[in-house]
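K.L.:
Structure in structure tokens, see below.
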Amino acid sequence: MTAIHLDPLPPRCSPGAVLAFVCNGTGLDRIHVGKIALIGRGATVEIDDRHAAKAVAALDGRAFNDRPVRARFAGKADFTNADHFGRLSKLLDLEATAEEAEARRRAADGTDRGDGTTLTGLALRDAEFGLGGRLLLTFGRFSRTEPLPPNRLGPGVPVVLTRTKPQRGLTFRGVVFDRADLTIGVAIEPPDDDLPDEATWRLDLSPDEVSRLRQQDALRRVASAEDGRLAALRAVQSLEPAGTLNEPQRDAVHFALSAKDVAVIHGPPGTGKTTTVAELIRCLVARGDRVLACAASNHAVDNLLEKLLRVGLEPVRLGHPARVVPELRARALDLLAEKHPDARQARKVAREAFALFRQADKWTRGKPEPGAKAAMRKDARDLLAEARRLEALAVERVLDDARVVCATLTGLDGQTLGRRTFDTAVLDEACQSTEPASWLPLLRAGRVVLAGDHCQLPPTVVSPEAADAGLSVSLMEQVVGRFGGQVARRLVVQYRMHEAIQAFSSAEFYDNELIADPSVVAHHLGDLPGVRAEPLTETPVRFIDTAGAGYDEEQEEDTESRFNRREAALAAKQVRALLAAGLTAEQVAVITPYRGQVRLLRELLAEHRELEIDSVDGFQGREKEAVVISLVRSNPEGDIGFLADTRRTNVALTRARRKLVVIGDSATLAADPFYQRMIAHFEATGAYSSVWEEAE
């Protein structure tokens, strides 16, 4: 049998009346109709499986006592694509089975139960109509002065009313509407016959069948909704992020899905921020959103695009194809449009146009008719215009079909996108973009998710005046500073660093919340294939202090950038030691805050072409097995320059997976409280050493 639901029904409608309505409206014999359960102003009716679809079609909109009734499937829904609701339905069934078993146990006992779920020996005192046409019954003891025993049958509780004398068998479902010391009131649907005055009755706490059926009906309706608000709400509730996400990542996705206006995903180093963002976008698309996915740089957009492809999405990438990495170029709008049927037709029309142009320009022996060549050229121009229209139409249709559009913030071309809007804008690496750039996608979206880490690099601003005036403060940093945890969720499980490498940054920037995943918590260089086990490869962190050794900084004449010759030589020595221990050049990086030091180090290590040596900015979002950091600054004044922007140092300290070597002058650095704490941390954890030890 298949259950269908009918509503609304006329007041005081009986199962018999519903049966007549169904049979008359469908032409079915009553043998094809099963159980009828009245549920408030509706009813669930079981129909033979072969006739259920016909019954829904025939009854939906049919008048019952001059009032149209809605009919819909309400039986066991196909939860194949809605596992969340199918699981809830099964849990409701399990709960109902247990409640019914308990009710049967109570009914088998003919006395008042000490748990307050049963009242026996009741007499009917009064009966009247009320509460929307229901029959209101008042019961008490046969002795009018005898109080009722303590019980749990208060107003609103569902009960089963059973006649026990003169014979057992007459039963009604009802709801308690009133309770006093001497009496209890029960509301039931009006029966077909009058109730006997002299009967003896009992009340038992009942499983809330009405409530259960309503819940089941709601689950079926939600699971079967194809569009509209119900489908949207279902998507928010039932979408589950991929099982590969950890709990903080899943919490961040759920939080962002439910946010009305703005949400922030704060992703410290190595916590899988972009993976989380990609999964969020997958969930947004699954619930029907159109998503505009942006970042400040082409590299960041391509990184996000790659993750989106991995989760099964097919985004459209705006921007010149040459600015897209070759592996992802197939998703570029221009290339997708070229493959569209409209574009193929446009090329065909264009060929016809150029053929006409050639024909018009061709010299012939015979004199052409006056105006013939001009007409050909006009026809050719019209064909070219048609070709351009078809090309534009191809672009429009690719964009119309796209559920996700990826672009740099400043690549949001109004001419390409037109007046298109999106349900959600997602800004990855949001802290690297200035606020004005961040508003570009916000103009096109109803809500925004900002993802990034305001404890890492800020936006690049060339003008010191503009930076000082606030241009270097990203929109995400402002939002977090103003609203904090109200709009933000932080990812805390990181998959990059040995726990000793993460420790200082976790304490300084992330409230000591970072947790190293078991896969990385204690990994060393010595665990890598081909790497020898020795002190260099078995310890995760080392700070080499150059204080007092004459490692003085210098300044380039043409660029005014800083460099430190002796510190560069020491950094090169550390790199060569790592390579000698078995690491490959691709597994090692050298990071320094100054371009002058970058140039010097590249000269010193020129023989290792695969070795990456770059500034902090160049390593944002990157990682290596081993990282050597040269901090450069060493002067009597304790001047640390732009090292005072400690977010840059945070980036540098969190690029290494298994080995971190930091080289710096403690006498200069300790003038700043941050570096004073950093050096104290290295001393406390046994990672501190002096350059004098290197000489030994």
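The values are calculated or read from the model by the stated rules, or taken from the named source; none is laboratory data. The shown structure was predicted, so the numbers you read here are calculated from the model rather than taken from an experiment. Ideal geometry is used to build each Cβ from the backbone, glycine not excepted, and the neighbour counts take in all protein chains shown. Surface accessibility is based on the protein's heavy atoms, side chains included, excluding ligands, DNA and RNA. Shrake-Rupley method; radii C 1.70, N 1.55, O 1.52, S 1.80 Å.
K.L.:
Return the carbon/sulfur percentage of the accessible area of the chain, one whole number, probe 1.4 Å, all protein chains in place.
P.N.:
It is 50 percent, rounded to a whole number.
K.L.:
In the set (i) 58; (ii) 39; (iii) 54, which value of percent of Cα pairs over 39 Å apart was calculated from the structure you see?
P.N.:
(i)
K.L.:
Relative contact order (percent) for the chain, with alpha-carbon contacts under 8 angstrom and 6 or more residues of separation?
P.N.:
Result for the chain is 9 percent.
K.L.:
As an exercise, identify the trypsin sites (Lys or Arg not before Pro) in segment 410-482 lying in DSSP coil whose Cβ has no more than 14 other Cβ atoms within 10 Å.
P.N.:
When the trypsin sites (Lys or Arg not before Pro) of segment 410-482 are filtered for loop state and at most 14 Cβ neighbours within 10 Å, 419 remain.
K.L.:
With θ taken as phi - 60° and the coefficients 6.51, -1.76 and 1.60, list the Karplus ³J(HN,Hα) couplings across segment 452-466 in order, rounded to whole Hz; mark glycine and proline as x.
P.N.:
In residue order, the calculated couplings are x, 9, 6, 9, 10, 4, x, x, 7, 10, 6, 6, x, 5, 5 Hz.
K.L.:
Quick one: what are the phi-derived ³J(HN,Hα) couplings along segment 194-207, Karplus 6.51/-1.76/1.60 with θ = phi - 60°, whole Hz, x for glycine and proline?
P.N.:
5, 7, x, 6, 9, 6, 10, 10, 9, 10, 10, 4, 10, x
K.L.:
For the Cα atoms of the chain, what angle does the longest principal axis make with the long axis of helix 298-310, in degrees from 0 to 90, nearest 10?
P.N.:
Approximately 40 degrees, to the nearest 10.
K.L.:
Calculated from DSSP H runs of 4 or more alone, at -39500 (n - 2.57) each and per residue, what is the 222 nm mean residue ellipticity of the chain, nearest 500?
P.N.:
-11500 deg cm²/dmol
K.L.:
Let me ask something additional. Of the listed peptides 487-494, 306-313, 635-642, what is their order by residue-averaged count of other C-beta atoms within 10 Å, with the highest listed first?
P.N.:
Taking the mean over residues of other Cβ atoms within 10 Å, the ranking is 487-494, 306-313, 635-642.
K.L.:
OK, next. 5 Å is the cut-off here: which amide hydrogens, built 1.01 Å from N in the peptide plane, fall below it relative to residue 159, excluding neighbours closer than 5 in sequence?
P.N.:
Those qualifying (amide H under 5 Å, at least 5 residues apart or on another chain) are 174, 175, 176, 206.
K.L.:
Continuing with the same structure: Relative to the Cα centre, what is the charge dipole magnitude of the chain, using +1 at the beta carbon of each Lys and Arg, -1 at the beta carbon of each Asp and Glu, and rounding to the nearest 20 debye?
P.N.:
In total the dipole reaches around 3380 debye.
K.L.:
Let me ask another. Return the sequence-ordered ³J(HN,Hα) values of segment 386-393 in whole Hz as given by the Karplus equation 6.51 cos²θ - 1.76 cosθ + 1.60 applied to θ = phi - 60°, using x for Gly and Pro.
P.N.:
Calculated HN-Hα couplings, in order: 5, 4, 5, 5, 5, 4, 5, 5 Hz.
K.L.:
Which listed residue (274, 606, 630) has the Cα farthest towards the positive end of the charge dipole for the chain, taking +1 on Lys and Arg C-beta and -1 on Asp and Glu C-beta about the Cα centre?
P.N.:
The residue sitting most towards the positive pole is 274.
K.L.:
Helix 341-361 sits at what angle to the longest principal axis of the chain, using alpha carbons and giving 0 to 90 degrees rounded to 10?
P.N.:
50
K.L.:
Mind ordering 466-479, 424-437, 547-560 by average Cβ neighbours within 10 Å, highest first?
P.N.:
424-437, 466-479, 547-560
K.L.:
Follow-up. Could you do me a favour and compute the accessible area per residue for the chain, 1.4 Å probe, result in Å²?
P.N.:
Accessible area per residue, the chain: 49 Å².
K.L.:
Sort 650-660, 583-593 for me by packing, meaning the mean count of neighbouring Cβ atoms within 10 Å per residue, highest on top.
P.N.:
650-660, 583-593
K.L.:
Give me the percent relative contact order of segment 575-696, please, defined on Cα pairs under 8 angstrom at least 6 residues apart.
P.N.:
24
K.L.:
In percent, what relative contact order does segment 619-676 have, based on Cα pairs under 8 Å that are 6 or more apart in sequence?
P.N.:
Here the relative contact order equals 49 percent.
K.L.:
Along the charge dipole of the chain, pointing to its positive end and built from +1/-1 on Cβ of Lys, Arg, Asp and Glu, which listed residue (64, 584, 387) has its Cα farthest out?
P.N.:
Among 64, 584, 387, the one farthest towards the positive end of the dipole of the chain is 64.
K.L.:
Relative to the longest principal axis of the chain, what angle (0 to 90°, nearest 10) does the C-alpha long axis of helix 273-286 take?
P.N.:
40
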